[in-house]
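The values are calculated or read from the model by the stated rules, or taken from the named source; none is laboratory data. This one's a predicted model, so the numbers in the text were calculated from it and none came from an experiment. For neighbour counting, all protein chains shown are included, and Cβ atoms are generated from backbone atoms with ideal geometry for every residue, glycine included. Each accessible area value is taken on the protein alone, full model and side chains, heavy atoms only, with ligands, DNA and RNA left out. Shrake-Rupley method; radii C 1.70, N 1.55, O 1.52, S 1.80 Å.
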Amino acid sequence: MSDEPERTFAAFPPAQGRGFAQSWWGQAWLKALEDAALDSQQVKTGRRLARAGAVGAVSVRPGRITAVVQDRDRTPHRADVLLERLSDDQWDRFLDMTVERAGHVAALLDRDMPPHLVEDAAAAGVELLPGMGELEPECDCGAWDHCGHTAALCYQVARLLDEDPFVLLLMRGRGERALLDDLQDRTAVPDEAPTLREGVDAAEAFAAGDILPPLPALPELPEEPGVPPSLDTETPAPSGVDPAALEYLAARTAARAHRLLAERDAVDDELTVAQDAVRLAVGTPDRAVLERLSEGSGRTLEELSLAVRAWRDGGVAALGVLEEEWAVGGETLARARAALDSAWDEEERPSLRARGNRWTVVGSSSQLRLGRDGRWWPYRKERGRWVPAGGAVQDPATALAAAQEAAEIG
């Protein structure tokens, strides 16, 4: 088991809009899930969890995919989905069929899986895509059929398949490198003399160093730290290594790194006295210090406490969303309405009442606030006041799910 190929993919950010699979083979993967699941409500729950970014890093290996999926209350569950591996004879038939048609090899190298490749494989007795009932679920929540956690994992894997069909082939039993080596062995010309390539002069390579293009800009800070991959696999851990302790350390390290990066971005801005007072108040338990910061920032202690909560969610930007109400108009309003219209299926869309940059769910204790950068912030009502309920996201449906979750817990 330890020699088998395995790939781990970082967690995706929350999904915007409604589509998870753009490729036809990704849609076929989801159809195998949706057709076989006995409880359609669990499939919808899984779709919502995947859309909200609740699926952690995904581990893919022959016959199995694994991820940690968080419930709406943040309870983690290990979810696995099993898929039958192809036999050695089936792989031989698939490879022989592929090398006979040059277009199939070119398509795979281009990360494409055209329908005729799958049809030709099926004609050779090799089913690449899963059929009804082939996606077998396993979850530590105790469900015997697909639950929201395994469904969420399947939706996330559909996004992986869109980008790379070799993920499906790995689940069926062969890693990309081994598969390409087998294809090369079948297409190699015998007794061909190796071709020697002329090298590059070291002085010329060094001289070209100062004409290289500039480095790309730093990526934007994610809304929240990622979830480490599950180490609870079938591969035994080396002697003296505790997988649970490693997972805990990885999660704490990611959270601390995210916090330090967020604070760095905030400190790099030119802060006003009132903003800097909030930054200094974060993590300050001393009452006397808090009173001085409260007075210096022109806030009451209660207002300062609320501002600190906002700062933890996103620094200066989150503080502005808490304390500023502004009129949304023109192109900004059109983009906001388009995002709201596309975020939900028609039957799931909530009723919203707008005032400035704040959209309140009618009959609910949940609210969405639009930042000046176009991101959405979740808010909930607490003791008659609107309070922050999490960091900013691009998708209003994800923000509203966070607000509703906070309202239920609170």
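Numbers below:
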item	result
Size of electric dipole in region 25-106: Cβ of Lys, Arg +1 and of Asp, Glu -1, about Cα centre, debye, nearest 20	580
Long-range amide H partners of V328 with built H, under 5 Å	G356, N357
Two-site FRET efficiency, D88 against R259, from Cβ-Cβ distance with R₀ of 56 Å, rounded to 0.05	0.65
Mean projected area (nm²) of the alpha-carbon convex hull when region 16-98 is viewed from all directions	7.1
Kirkwood-based Rg to Rh ratio, region 294-362, C-alpha trace	1.09
Residues whose placed amide H lies under 5 Å from that of F12, excluding near-sequence neighbours	none
Per-residue [θ]222 nm for the chain (sum of -39500 (n - 2.57) over DSSP H runs n ≥ 4, rounded to 500)	-14500 deg cm²/dmol
Percent carbon-and-sulfur accessible area, region 262-400, ignoring ligands, DNA and RNA, probe 1.4 Å	46
Whole-number Å³ per residue for the convex hull built on Cα positions in the chain	234
Label point distance in nm, T75-R337, each placed 7 Å from Cα along Cα→Cβ	4.2
Convex hull of Cα atoms in region 293-410, direction-averaged projection (nm²)	7.5
Overall form of region 83-130 per C-alpha gyration tensor (a/c, 1.5; a/b vs b/c)	prolate
Accessible area, probe 1.4 Å, largest first, for residues D92, D110	D110, D92
In Å², nearest 10: area of M132 left accessible to a 1.4 Å probe	140
